[in-house]
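Laboratory data are not the source of any read-out in this text; all were calculated from the coordinates shown. This structure is a prediction, so every number in the text was calculated from the model and none was measured. Methodologically, a virtual Cβ is constructed for each residue, glycine included, from the backbone with ideal geometry; neighbour enumeration extends over all protein chains shown.
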Amino acid sequence: MIHLRKKKIDLERLPRHIAIIMDGNGRWARRRGLPRSAGHAAGAENFKTIVRFCGEIGISYLTVYAFSTENWSRPIDEVDNLMRLLEEYLDKAYTELDDRVRVRIIGEREMLSEVLRTKVEKLEADTAERTGMVLNIALSYGGRQEILHAVRLLAEKVESGTVKPADITEEMLSKGLYTAGQPDPDLIIRPSGEKRLSNFLLWQAAYAEFWYSDILWPSFKTAHLVEAIAAFQKRDRRFGGV
Ligand code: FPP
C-alpha cells in the first residue's frame, strides 16, 4: 500500500498495463510565454519521471504516445524538435533507464529516419532479454494503421491458403499488432482536458478504463498517477458481463 496526497493504492492490485496520451505540452509552454519546443522538452523530462515511478511501483507494461501518424503534419521545425528529443532519449536510455526495463517502439518504423531507426533497433535488441517493466514508446503510431497492418498479414495468409477467412480469430489478429504477446491496457490516462482516444491503441482499448484530467502533461506528477490508479482500483470491471 502506498499513500500519496491522502490517496491510497493497493500495490497488489495494480493495473498490469497503463497507457498514457502525453498531451498538453504546447499549452503548458504557451501559458508560460515559452516556445512549444520548451513544452516538449518539459514533457520529455516528465516522461522520464513517470517511467521511473511506474517501474518502482511494479507496473508491468507502460505504453506512452510520443508521436502519432497524424503528428507528421505539424510544422517541420516542431517535427524535427520532437525527433531530436526522441533521439536524445534513445541515446541516454542506457544510463537513464532502470536496467531491468525492456523498451519496445510501436508504430510505423519505416517512417523514421535511418539514424533513429537504427537507434531504436539497437535499444530494443539491447534490452530484449530484460525481465522488468516493458516500456512501449508509440512513435509514428496510429491505431487504425496498426489494425490495417495486422489485417494485411492475415490477408497474405488467406491468399497463400494457410488460413480460411472463417477461421480467423481475435487472437490471430492480435498477433499481428505491434503489441503482440502483451496484455491489453487496463488503464488509459489522458491529461490536458481532452476526452478522446486520438487513434491510440484502438483494438487494445476495448475494455480499458479511462482516466482524464485537466492537468497538462508536463505538470502531470506521480501524485496524479497515483490518483488515476486509485480511481481505477475503485472501478468495477465487468468486461461486458454482469
Ligand atoms: C501532444 O501535446 C504531445 C505530443 C505530440 C508529443 C509528446 C511528446 C513528448 C511528451 C516528448 C516525448 C519524448 C520522449 C523522450 C518520449 P501537444 O504538444 O500537442 O500539446 P497541445 O495540445 O497543448 O498543443
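Which of rounded, prolate, oblate describes region 105-242, given a ≥ b ≥ c as roots of the alpha-carbon gyration tensor eigenvalues and a/c under 1.5 marking rounded, otherwise prolate only if a/b is larger than b/c? Taking the square roots of the gyration eigenvalues as a ≥ b ≥ c, region 105-242 is oblate. Residues considered: LYS221, LYS164, LYS119. Largest GNM mean-square fluctuation over the chain, using C-alpha springs under 10 Å, is found at LYS164.
Set the Förster distance to 35 Å, then compute FRET efficiency between ASP80 and GLU124 from the Cβ-Cβ distance, nearest 0.05. Intermediate results must be reported in sequence, preceding the final value.
Numbers: r = 23 Å, r/R0 = 0.66.
It comes out at approximately 0.90.
Computed per residue of the chain from DSSP H runs no shorter than four, each worth -39500 (n - 2.57), the mean residue ellipticity at 222 nm is -13500 deg cm²/dmol. Report the paramagnetic label zone for ARG117: residues of region 76-100 whose backbone N is under 20 Å from a point 7 Å from Cα along the Cα-to-Cβ axis. Under 20 Å, as judged by backbone N against the label point of ARG117, lie 79-91 of region 76-100. In this simple spin-label approximation, ALA205 and ARG13 carry label points 7 Å from Cα along the Cα→Cβ vector, and these lie 2.5 nm apart. For the pair GLU87 and SER198 in one chain, pulling the backbone fully straight at 0.36 nm per residue adds 37.6 nm over the alpha carbon distance.
Counting 0.36 nm for each residue step from ARG30 to VAL151 and taking away their Cα separation leaves a gain of 39.5 nm. In a DSSP loop and with at most 16 other Cβ atoms within 10 Å, the trypsin sites (Lys or Arg not before Pro) in region 1-106 are ARG5, LYS6, ARG16, ARG32, ARG100.
The length gained by stretching the chain between THR162 and ILE215 to full extension, at 0.36 nm per residue less their Cα-Cα distance, is 14.1 nm.
Residue pairs exceeding 23 angstrom between C-alpha atoms, taken from LYS175/LYS234; LYS48/LYS221; LYS8/LYS221; LYS119/LYS221; LYS119/LYS175: LYS175/LYS234; LYS119/LYS221; LYS119/LYS175. Between PHE239 and ARG100, the modelled label-to-label distance comes to 2.6 nm, taking each label 7 Å out from Cα in the direction of the beta carbon. Taking every Cα-Cα distance in the chain and sorting them into 10 Å bins from zero, the calculated P(r) comes out as 7, 30, 37, 20, 6, 1 percent.
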